[in-house]
Structures are given as C-alpha cells and as structure tokens.
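Below you'll find the structure, written out as structure tokens, and then a few comments.
The values are calculated or read from the model by the stated rules, or taken from the named source; none is laboratory data. This structure is a prediction, so every number in the text was calculated from the model and none was measured. Glycine also receives a Cβ, built like all others from the backbone with ideal geometry; neighbour counts cover every protein chain displayed. These area figures cover heavy atoms from the full protein model, side chains too; ligands, DNA and RNA do not enter into them. Shrake-Rupley method; radii C 1.70, N 1.55, O 1.52, S 1.80 Å.
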Amino acid sequence: MMRLDHVSFAVGPDGMDATVKRITDALGVDRVKGGIHPRFGTANAIIPLADRQYLEIVEVLDHPSANKAPFGQAVRNRSQIGGGWMGWCVTVDDLLPFENRLGRRSVPGNRKFPDNQELTWQQIGIKGLIADPQVPYLLRWDDGTEHLHPSRAYEPQAKLIKLSIAGSPKRVADWLGSPDADPFDNVQVDWIAPSGTPGIMSVTFSSPNGEVTI
C-alpha cells in the first residue's frame, strides 16, 4: 500500500496565525490546532481533507531539536525564503524497503493531544526532500493510532483534487522504488518544468468556497 497522506505548508514571516487564517479563509474551512512535535522542534495546525488526507501548516520553533532534526531544518529553510509549500508525504505499510535503499533507519515522530492520547509514527526521506523538493517523504503510522489520524479531527469539508509539481514523474517513481508506483489515487498531478527548480508549485482543493488553488 502506498498513498498520498498529506501536504505540508511552511508558515511565512507573518507567522502561524496569519498563515492559517489566510488559508482557512480562502477555503472556507476550520482549522484544528495540531500541537508540538518535540523530536523535530516544530508545531502544526491541521485541516482535515476527504479520502483520509490532510493539509498541515507547520512552523519551526525556537528549540534545540529544530537544529538537529531534518524535518525542523526543512521547515526553517522553507520559512526563511518566505514560506509556502514545503512538500508532500506518502504513507506506506512497510518502511523497511526504503530504509534498505536509502541506507538509514526511519526516525520516530510523536504528537500529544490535550487528553494525553499520543499519535506516533515512523518517517524517512526528509533529507531527500531537502535536497530535491519534488520527492515526497515517507511515513508509517504506528499500529493502534488509526482513530487519531489528522484527517479525522473533524468531518472533512474540503478535498485535495490537484497538485502542480515542478519536477519529473520518472524521478519521483525512481525515488519511490517502483516505476509503477502511483500514490495519488484520485488526485490529478500536473508535472511542469522538469528542468526547473523542483517542488510543489500549487495545490487545488474543492471546498465550501468552490475550487481554490493555493
């Protein structure tokens, strides 16, 4: 199993609240205050989406972990150039093939809820995303956390329908380890500027405000 799990938007110089308000006003949806990732030195807000997907708005914190963890570095790098789309994430059933191919182990992540429930996962590939922002990072949610998936924070009001990615589908397929890999399900992908600066250029949603591209 391999599917698109979420897209990540790094806050700009106006900070978390202003970035969240701009996006939620555009979509006509509510936000959920996610929380702190203590291992990464970051914090996020969540917008649940249909099809067990979500939009993450993320900021780096003034915390020692942010200087050490690749995820914190990735968020800081994107925020320092004005914020915007940082990357996309694919969830898989088994990270071992990716660990073997990349030659390193996945790292744990966690986020606690106000009621002390804890969402935990393993992830790998952030260093690849930093070097080549067209490729996704990979994540496996820990068993028993299905009910805590961010897409379930409330009944989704919006749906991700299209990604515009500057890059090469062959490069992404090679990164994912299979030329037939297609993690996008019903999401349309426009591949543009294969020789240009790579990364997500825009994301289009169907929402209470109609079709909105951010």
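This table checks each residue for (1) among the charged types (D, E, K, R); (2) within 15 Å of V135 (Cα to Cα).
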{"position": "P169", "(1), (2)": "no, yes"}
{"position": "D182", "(1), (2)": "yes, yes"}
{"position": "Q188", "(1), (2)": "no, no"}
{"position": "P208", "(1), (2)": "no, no"}
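Within the range 64-81, the set of residues being open to solvent by 20 Å² or more (accessible area, probe 1.4 Å), in contact (Cβ under 8 Å) with a residue 24 or more places away in the chain and touching a strand residue (DSSP E or B) at 6+ places or on another chain (Cβ under 9 Å) comprises S65, P70, Q73, N77, R78, S79. Being open to solvent by 20 Å² or more (accessible area, probe 1.4 Å), in a strand (DSSP E or B) and among the basic types (K, R) narrows it down to one residue among K162, K170, K127; which is it? Answer to the selection: K162.
Please pick out the residue among V203, V189 that is open to solvent by less than 50 Å² (accessible area, probe 1.4 Å), within 17 Å of the chain's Cα centre (by Cα), among the β-branched types (V, I, T) and more than 21 Å from A74 (Cα to Cα).
Checking each option against the conditions leaves just V189.
The number of residues in the range 36-59 being modelled with pLDDT of 95 or more, open to solvent by 40 Å² or more (accessible area, probe 1.4 Å) and touching a Gly at 6+ places or on another chain (Cβ under 8 Å) comes to 1. Counting the residues of the range 112-124 that are under 28 Å from V189 (Cβ atoms) and loosely packed, with under 14 Cβ neighbours inside 10 Å gives 0. Where strands (runs of 3 or more DSSP E) fall entirely within the range 174-214, those with at least 1 residues that are touching a residue at least 24 places away in the same chain (Cβ under 8 Å) and under 22 Å from L138 (Cβ atoms) are at 188-192, 199-207.
Within the range 130-159, can you find the residues that are free of Cβ contacts under 8 Å to residues at least 40 places away in the same chain and either surrounded by 18 or more Cβ atoms within 10 Å (Cβ to Cβ) or under 12 Å from S106 (Cβ atoms) (or both)?
Correct list: D142 only.
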